[in-house]
1. Can you pull out every residue in region 206-222 that is touching a Leu at 6+ places or on another chain (Cβ under 8 Å) and either aromatic (Phe, Trp, Tyr) or in a helix (DSSP H, G or I) (or both)?
2. In this structure, is ASP156 modelled with pLDDT under 95 and either within 21 Å of the chain's Cα centre (by Cα) or not assigned by TED's automatic domain parsing to the domain that holds ASN298 (or both)?
3. State all residues of region 3-17 that are closer than 19 Å to VAL361 by Cα, small (Gly, Ala, Ser) and not in a strand (DSSP E or B); if no residue qualifies, say none.
4. Does GLY412 fit the bill of being outside the structural domain of ALA194 (by TED's automatic domain parsing), modelled with pLDDT of 95 or more and under 22 Å from the mean Cα position of the chain (by Cα)?
5. Restricting attention to region 35-59, report how many residues are closer than 11 Å to LEU178 by Cβ and assigned to a loop (DSSP other than H, G, I, E, B).
6. Before we move on, is PHE414 in contact (Cβ under 8 Å) with a residue 40 or more places away in the chain, surrounded by 12 or more Cβ atoms within 10 Å (Cβ to Cβ), outside any loop (DSSP other than H, G, I, E, B) and of a type outside the set (Ser, Thr, Tyr)?
7. Answer yes or no: is there a residue in region 93-106 that is surrounded by 20 or more Cβ atoms within 10 Å (Cβ to Cβ), in contact with a Phe, Trp or Tyr (Cβ under 8 Å, 6 or more places away or on another chain) and touching a residue at least 24 places away in the same chain (Cβ under 8 Å).
Amino acid sequence: MPDSIPFYERSVLGNGLRVLTSSMPYTHSVAITVYIGAGSRYERDDMAGVSHFLEHMLFKGTEKWPTARELAAKIDGVGGVMNGATDRELTMYYIKVARPHMDLALDVLFQLVHHPLIEASEIEKERLVILEELAMVADSPGQTADLLLDSLIWPDQPLGRDIAGSVDSVGQLSTDSLTGYMREQYVPNNVVVAVAGNLTHDEVVSAVQDGLGDWQPGKPATWRPATQSNGRHVAVKYKKTEQANMSMAVHGLSLTHPDRHALSFLSIILGEGMSSRLFVELREQRGLAYDVSAYAMNLLDTGTFNVFTGVDPKNAAEALKVIFGELERLASGGPDGDELVKARELSKGRLLLRLEDTRAVAGWIGAQELLLDHVRTVDDAVAEMEAVTLEDLQRVSREILDLRSLHLAIVGPFRSDKQFTALLRS
C-alpha cells in the first residue's frame with residue numbers, strides 16, 4: 001500500500017455513529033462490518049441469551065425485504081457472503097461482496113440493524129432453532145468442558161455462562177424482551193460501521209449518513225465487570241464418551257495489558273502448532289493425545305490462559321501430569337531465545353497474512369474502535385510484538401502460569417472429581 005494512503009480513516013456522524021474505512025486499492029471485494037456494543041456481558045441474568053437471540057432475529061426480515069429468504073437472496077444473488085455473530089462484548093454483522101455491489105451491501109446491513117421486523121411468529125420459530133443450537137453444544141463434550149470451565153473461573157456472572165443463554169432463559173425471552181433490549185443497545189452512539197476495500201472514505205461516510213443519519217442516539221447499558229473466583233477449582237461432568245475432554249485455565253490479561261503479547265507468545269510456545277512443547281511431549285513422545293492446544297484470551301478487563309486436550313479416560317491422569325509438568329517447567333525456566341523468535345515471527349506472519357483480506361481489515365479496525373475507542377495500525381501491532389524481550393516472557397510466565405490458581409473442567413466417564421483435585425494439589 002502506498003505511503004500516501006492511511007491505514008484507516010475515521011468520521012463520527014452527528015448522532016454519534018462512528019464510520020471507519022480502510023482503502024485497499026488493489027482488491028476486488030468490499031467488506032462491511034457493523035459492530036454493536038451488545039453481548040452476554042451486557043445482559044441481566046433473566047435476559048441471558050438475548051443478544052444472541054436478537055442477532056438471529058435480525059436476519060428474519062426487514063421493512064424493505066420482509067422475509068429471511070428475500071433478505072438472503074439479495075446477497076446470494078451477487079455472490080456475496082453475509083452473517084452475524086454474538087460474543088461476550090459485542091455483536092457483529094458483516095457482508096462481503098464484489099466492489100460493484102457495495103451500495104447494495106450497505107443497504108442490506110442498514111436494514112438489518114435499523115429496520116428489522118422482529119415478528120412474534122418468527123420469534124417462536126427461531127426460539128426452536130436456538131434451542132437446537134444449545135442441544136448441539138450440549139452434545140459436544142469439548143464445548144461443554146469449555147463452558148464448565150467458564151463457570152469455574154467466573155461463577156455467578158455473565159462471563160461464566162453460555163453466550164447463547166440456557167434452555168430456561170431462552171424459553172422465557174419475549175417479543176418485548178427482544179425489542180426493549182434492541183431499543184436500549186442498538187443506538188448509533190453504540191455502533192461502529194467499518195468498511196474495507198477499493199473505496200474512498202467520503203463515499204462511505206455519505207452512504208452511511210444517507211442510510212443511518214436519522215437514527216436517534218440513546219443511553220445504552222454498559223458491560224458488567226468481571227469478578228474472580230475464590231471457590232472450587234475442579235469440576236467434572238459425567239458423560240459416557242470415548243475421550244476425557246479436559247479444559248483448564250489460569251486467569252490471564254486484559255485486552256489493553258502491556259504484557260498481552262508476551263502471554264500470547266507463551267501460548268504459542270506451549271501449545272500452538274506441531275513444534276510446541278505440549279504437542280511434542282503429549283503426542284509425539286508419549287502418544288497420549290491426538291489434539292492438544294493452548295491459547296490466550298483477552299477481554300476488556302480480564303483474560304485467561306487456556307489449555308485443552310482430549311485423551312482416553314484411562315490416560316487422563318497421566319496426561320494431566322504431563323501438562324502440569326510442562327506448565328511448571330515453562331513457569332520456572334521460561335522459554336529460550338529461539339522459542340521467542342519463533343513465537344514472534346508466527347504471530348507477525350499470521351497478522352500480516354490475515355490483513356490482506358478485506359473482511360479481516362474491516363474487523364480489525366471496527367472491533368478495536370468499538371472496544372477500545374482507538375485503532376492500532378498493523379505497524380503499531382508489529383512494533384509491540386518486536387518490543388517483547390526474553391526477560392518479559394520469563395517474568396510473565398512466572399507471574400501467570402501458577403498451578404495453584406489453575407481451574408480444571410473435565411467432561412467424560414467420571415463420577416467424581418476426587419482424583420483430579422488430588423492431582424492438582426499434589
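The values are calculated or read from the model by the stated rules, or taken from the named source; none is laboratory data. Remember, it's a predicted structure, so these values are computed and weren't measured experimentally. When we count neighbours, we look across all protein chains shown, and the Cβ atoms used for this are built from the backbone with ideal geometry, even at glycine.
1. Passing the criteria: ALA207, VAL208, GLN209, GLY211, LEU212, TRP215.
2. yes
3. Across region 3-17, the qualifying residue is only SER4.
4. Here the answer is no, as GLY412 does not meet what is asked.
5. Selection size over region 35-59: 2.
6. In short, no.
7. no
This table checks each residue for (1) touching a Ser or Thr at 6+ places or on another chain (Cβ under 6 Å); (2) among the charged types (D, E, K, R); (3) at pLDDT 95 or above.
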position: VAL193; (1), (2), (3): no, no, yes
position: SER206; (1), (2), (3): no, no, yes
position: GLY211; (1), (2), (3): no, no, yes
position: ASP214; (1), (2), (3): no, yes, yes
position: GLY218; (1), (2), (3): no, no, yes
position: SER229; (1), (2), (3): no, no, no
position: ARG277; (1), (2), (3): no, yes, yes
position: ARG286; (1), (2), (3): no, yes, yes
